[in-house]
Amino acid sequence: MLEGKGVAAIKELVKLRLSGLDNITDEPTARFCGVNRGLQEIELCKCNKLTVAGVEAIIKDAYCLKRLNINMIPKIKLDTIKETIEQKPGLQIIQFAVKNVSLADNGLRVPLPPKEKKKKKKKVKKAKK
């Protein structure tokens, strides 16, 4: 159906997940989002090479964008893209308030609850008859 037309020909794409891809940069990502104007949800968690300028370009170019997940990208703070966000009132930005994000963290670790200590049962000696 889409053979030989390239990635830019995917006009029906609604959700794009690029989370964790370290080689994703501003220019190609923004260009892709501009060509595929039907994108409604973009997930860019841990795409550490993205900058504020790139995220702003994505927000401006993705015409139908409703949700943008930029969680765990230390370079991008909501304060810096506030004006761009205000231009799209229906846009939901997902970014957790996490400080000191380690670049080695893949976002999959979940803290486990502490193990409960098991009480040892006392052995009852049976009397010999």
>> Among the residues that make up the range 62-69, is at least one of them touching a residue at least 24 places away in the same chain (Cβ under 8 Å), among the basic types (Lys, Arg), closer than 20 Å to residue 13 by Cα and surrounded by 13 or more Cβ atoms within 10 Å (Cβ to Cβ)?
In response: yes
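So that you can scan it fast, the table gives a plain yes or no per residue for (1) farther than 18 Å from residue 95 by Cβ; (2) touching a Pro at 6+ places or on another chain (Cβ under 8 Å); (3) of a type outside the set (Phe, Trp, Tyr); (4) not in a strand (DSSP E or B):
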residue	(1), (2), (3), (4)
33	no, no, yes, yes
38	yes, no, yes, yes
46	no, no, yes, yes
50	no, no, yes, yes
53	no, no, yes, yes
59	no, no, yes, yes
65	no, no, yes, yes
68	no, no, yes, no
73	no, no, yes, yes
>> For the range 19-44, give me each residue that is of a type in the set (A, V, I, L, M, F, W, C) and modelled with pLDDT of 90 or more.
In response: 42, 44
> Given (1) modelled with pLDDT of 90 or more; (2) more than 14 Å from the chain's Cα centre (by Cα); (3) basic (Lys, Arg), where does residue 109 come up short, assuming only one miss?
Replying inline: (1)
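The values are calculated or read from the model by the stated rules, or taken from the named source; none is laboratory data. Computed from a predicted structure; not experimentally measured. Virtual Cβ from ideal backbone geometry, glycine too; neighbours counted across all protein chains shown.
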